[in-house]
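Colleague: Here it is, the structure in full.
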Amino acid sequence: MRVELSEKRYHSIGEVAEAFGVNTSLIRFWEKEFSQIKPKKNKNGVRYFSKKDIDAVSLIYHLVKERGFTLEGAKEHLKNHPKKNDQNLDLLQKLQKIKATLEELKSNL
C-alpha cells in the first residue's frame, strides 16, 4: 500500500485509487460492499472521499489485500472488532511512516 494523499479535506476517487494502487472500480465496489465507506457525492454523482472514508478504505485494503481476508471475512472482522480495528489502523499508519522513512534513509546511503 502506498498511501500518499495530501491534507485536503476531500479527495476524488481517482486520487484514492491511485494512492492504493488499485482501479477506481474496486473502490466503487468496496463502497457498495462495506458500509464504512460513505463518500459525499455532488449532484452529478462525483464522489468525494473524506479522511474517515480513506481510513476505512485503508483498513479494508489491509484486511483484503495484505492479510488475505475474503470480503465476507473482512466484513465480519470489521463488525466484531470495531475498537481493535481503529487501534490497528493507527498502528498500521505509524508503521508505514516508519517504513517510508527507513526506505528513504536506505536510498540516501
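The values are calculated or read from the model by the stated rules, or taken from the named source; none is laboratory data. All figures in this text were calculated on a predicted structure; none of them were measured in a lab. A quick note on method: Cβ atoms are made from the backbone with ideal geometry, for glycine too, and the neighbour counts reach across all protein chains shown.
Colleague: Between 76, 72, which is surrounded by 12 or more Cβ atoms within 10 Å (Cβ to Cβ) and either within 10 Å of the chain's Cα centre (by Cα) or in a helix (DSSP H, G or I) (or both)?
Modeller: On the way: 72 fails: surrounded by 12 or more Cβ atoms within 10 Å (Cβ to Cβ).
None of the other options fit; the residue is 76.
Colleague: State the number of residues belonging to the range 22-52 that are more than 19 Å from residue 78 (Cα to Cα) and either part of a helix (DSSP H, G or I) or in contact with a Lys or Arg (Cβ under 6 Å, 6 or more places away or on another chain) (or both).
Modeller: Residues flagged as more than 19 Å from residue 78 (Cα to Cα) and either part of a helix (DSSP H, G or I) or in contact with a Lys or Arg (Cβ under 6 Å, 6 or more places away or on another chain) (or both) within the range 22-52 amount to 5.
Colleague: Moving on to the next point. How many residues, within the range 76-109, are closer than 15 Å to residue 60 by Cα and either modelled with pLDDT of 85 or more or hydroxyl-bearing (Ser, Thr, Tyr) (or both)?
Modeller: Summing the residues that are closer than 15 Å to residue 60 by Cα and either modelled with pLDDT of 85 or more or hydroxyl-bearing (Ser, Thr, Tyr) (or both) in the range 76-109 gives 5.
Colleague: Find the residue count for the range 18-39, including only residues that are under 11 Å from the mean Cα position of the chain (by Cα) and surrounded by fewer than 15 Cβ atoms within 10 Å (Cβ to Cβ).
Modeller: Residues that pass the stated criteria total 1.
Colleague: To continue, here is another question. Hey, among 75, 65, 94, 52, which residue is over 22 Å from residue 17 (Cβ atoms) and basic (Lys, Arg)?
Modeller: Selected residue: 94, the only one of 75, 65, 94, 52 that is over 22 Å from residue 17 (Cβ atoms) and basic (Lys, Arg).
Colleague: Is one or more of the residues making up the range 44-63 more than 12 Å from the chain's Cα centre (by Cα), at pLDDT 90 or above, surrounded by 10 or more Cβ atoms within 10 Å (Cβ to Cβ) and not β-branched (Val, Ile, Thr)?
Modeller: yes
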